[in-house]
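The values are calculated or read from the model by the stated rules, or taken from the named source; none is laboratory data. What you are looking at is a predicted structure, and each value in this text was computed from that prediction instead of being measured. Note: ideal-geometry Cβ built from the backbone for every residue, glycine included; neighbour counts use all protein chains shown. The area values use the complete protein model at the heavy-atom level, side chains included, leaving out ligands, DNA and RNA. Shrake-Rupley method; radii C 1.70, N 1.55, O 1.52, S 1.80 Å.
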Amino acid sequence: MKTIFYALAATTLLAATPLRAAAQDGIQLQEYQFDNPENTPRPVFPVPTARQLKWNETEFYAFFHYGMNTYTDAEWGDGSEANSRFNPTAPPNPKQWLTAAQAAGMKGGIAVVKHHDGFCLWPTKTTDHHVGNSGTKYGATTNIPRDFAKAAEELGMKYGFYVSPWDLNSPYWGKKDAQGNYTDEYAKKVFFEQCAELAEFGKDQFEMWFDGATGGDHKGYYGGANEYRTIDNASTYYDIPNLRDSIHNVCPDIILWGVGGEARWIGNEQGWAGETNWAMGSGEYGNESGWQWQPGESDAKATSKGWFWHSGETILSADALFKMYLETVGRNATLILNIPPDKSGSLPNATVSRMEELGKMLQKRLGTDLAPAATIEVSETRTKGRSVNYDASNLTDGKKDTYWATNDGTTAATITFRWEEAQTVRYVALMEYIRLGQRIKGFTIETSEDGENFTRRCGSIATTTVGYKRILPLNGSTASSYGAGFKAKALRITINDSKACPLLHTVSIF
Ligand code: FUL
């Protein structure tokens, strides 16, 4: 049954007999538009699904590229690699991976459990090409999804798996029948079954990563065929709509990423999103008029070379990683940061200590919120409902379900924070109440040392969209944002353009 939101007045609807008949046939009307005791603002469509909202809250999580390529020194295998080449020098240790990610301030992680070469890091029934058949000391008993899910649960972190739809090992991938039509053997016998097996490792997974790569110019083993293969339409070939529903029946919170995705690729692998970034549309900037909620995820490497670990791999500086954080999480995208385990099946010490350093840096720079201690003045507050208010105090109550709003028709407003003693301020974080759509299109931030004369901050940064979260360096530089800061007895946010009345649930000042 579909819920359809009407822009019609109740009286029009009551007079329109055919529409009433339609309503009886199953069209549901959004009740609060006719009887709105809480004075809830109308949504600005599109809006996120409940699972997209939950997913967004994961914000910053790790990517662990580990598998056959770790041992063959490749980024993409070709599927011909013998199982015995998977030969860890110690038992792979997903708990160590996730512990390091947690120290960096990440809330979860995604483990690659099958890359394009098709080698599975769990003993699957779908192919012989898996860890259980490696015959190596620590390889044969490896089961990454099992150990990863268990470690995540022990650490209270979110978890998910990257399972490549492209499979250079499988004889079925891209196979055609005598008439030249693609067969459905791969989708049914292999890929669907692999996803079903992975779903069994935990029903509370938050994301399943389906990479879109099909590399037509990359020769594959394909069961001994040793040839180039390609597919024409990934969504049809993998039967994605069916697969998506089937997975959601088992794991209701999983966001499918990539083919058939419910979140979008941010458009680069360098760890940045556009300063203007809508949760609709595609690429770095999204599209204000996009009709589907497609929030951005930025996948980026924390090391110097590949997604997989290679000898000579070095880890980026904490400053570089912090900049990446500001340019992704701070620009309405999530950041999935890759830290590859080495041949021992653990993260190198240099990675572990860098993650601890990053966690401390995030804590120092964005850990002490000065906003709750301020008094807040706003130019307007939405008329309260029966039991819900839209007061400015909602901005600093630490709750994501309470928010400040203006009345319908007011799309410009000011919010001023004042402290008795001057504070040193460097960053402002804004969070829209996106449950009712992304709205804000333009704002400014100013500080005042004396509480009366204000100076505009953020340099030449485009202060346009907010979305799930926007973090602004007040000195205007993501590269060297932690300077002396600004002395401020007051800080003023002016919203000057919004698709409809602006709704903010949190403002933090650091
Ligand atoms: C790409 C893949 O082809 C790379 O190997 C890597 O897994 C990256 C995250 O996604 O599309």
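Here the Debye sum runs over all C-alpha atoms of the chain as equal scatterers in vacuum, and log10 of I(q)/I(0) at q = 0.05, 0.11, 0.12 Å⁻¹ comes out as -0.23, -0.98, -1.11.
Electrostatic tally near A279: other residues with Cβ closer than 15 Å to its Cβ, Lys and Arg +1, Asp and Glu -1, net +2. For the chain, relative contact order (Cα pairs under 8 Å, six or more residues apart, normalised by length) works out to 15 percent. Over segment 371-509, the alpha carbon radius of gyration divided by the compact-protein estimate 2.2 N^0.38 Å works out to 1.00. Based on every Cα atom in segment 431-510, Rg and the maximum pairwise Cα distance Dmax equal 13.1, 37 Å. Close Lys pairs in segment 338-409, defined as Cα atoms under 26 Å apart and 8 or more places apart or on different chains, number 6. The distance linking segment 294-333 with segment 66-100 is 21 Å (Cα centroid to Cα centroid, whole angstrom). This model, with +1 at the C-beta of Lys and Arg and -1 at the C-beta of Asp and Glu, gives the chain a dipole about its Cα centre of some 580 debye. Here the relative contact order of segment 356-510, from alpha carbon pairs under 8 Å that lie six or more residues apart, stands at 35 percent. With all protein chains kept in place, the per residue accessible area of segment 243-357 amounts to 34 square angstrom at a probe of 1.4 angstrom. The chymotrypsin sites (Phe, Trp or Tyr not before Pro) of segment 244-332 that meet both conditions, a loop assignment by DSSP and at most 16 other Cβ atoms within 10 Å of the site Cβ, are W291. For segment 284-329, the convex hull drawn through the C-alpha positions has a volume of 82 cubic angstrom per residue.
Farthest toward the positive end of the dipole of segment 32-84, out of V47, T58, Y71, is the Cα of V47, where the dipole comes from beta carbon charges about the Cα centre.
Here segment 245-307 has an Rg and Dmax of 13.6, 39 Å, counting Cα atoms alone. Rounded to the nearest 20, the size of the Cβ-charge dipole of segment 371-509 about its Cα centre is 500 debye, with Lys and Arg at +1 and Asp and Glu at -1.
Here the accessible area is traced with a 1.4 Å probe on the protein chains. For segment 424-510, carbon and sulfur cover 42 percent of it. When the residues I27, I240 are ordered by accessible surface, computed with a 1.4 Å probe over the protein chains alone, the sequence from largest down reads I27, I240. Protein heavy-atom accessible surface, 1.4 Å probe, per residue over segment 371-509: 40 Å².
Over all Cα atoms in segment 103-177, the spread is summed up by Rg and Dmax: 14.6, 51 Å.
Here the contact order of segment 252-335, divided by its residue count and restricted to Cα pairs under 8 Å and six or more residues apart, works out to 29 percent. Only Cα sites of segment 68-196 enter the Debye sum here, all with the same form factor; the resulting log10 I(q)/I(0) across q = 0.16, 0.19, 0.20 1/Å is -0.83, -1.08, -1.15, listed in q order. Computed 3J(HN,Hα) for segment 154-159, one whole-Hz value per residue from the Karplus formula 6.51 cos²θ - 1.76 cosθ + 1.60 where θ = phi - 60°, is 4, 8, x, 10, 7, 8, glycine and proline marked x. Put the Cα centre of segment 214-279 next to the Cα centre of segment 129-204 and the gap is 14 Å. Each other residue within a Cβ distance under 13 Å of R457 adds +1 if Lys or Arg and -1 if Asp or Glu, for a net charge of +2. Since only I254, A151, F161 are under comparison, the one whose Cα sits farthest along the positive direction of the charge dipole of segment 148-277, derived from C-beta charges on Lys, Arg, Asp and Glu, is F161.
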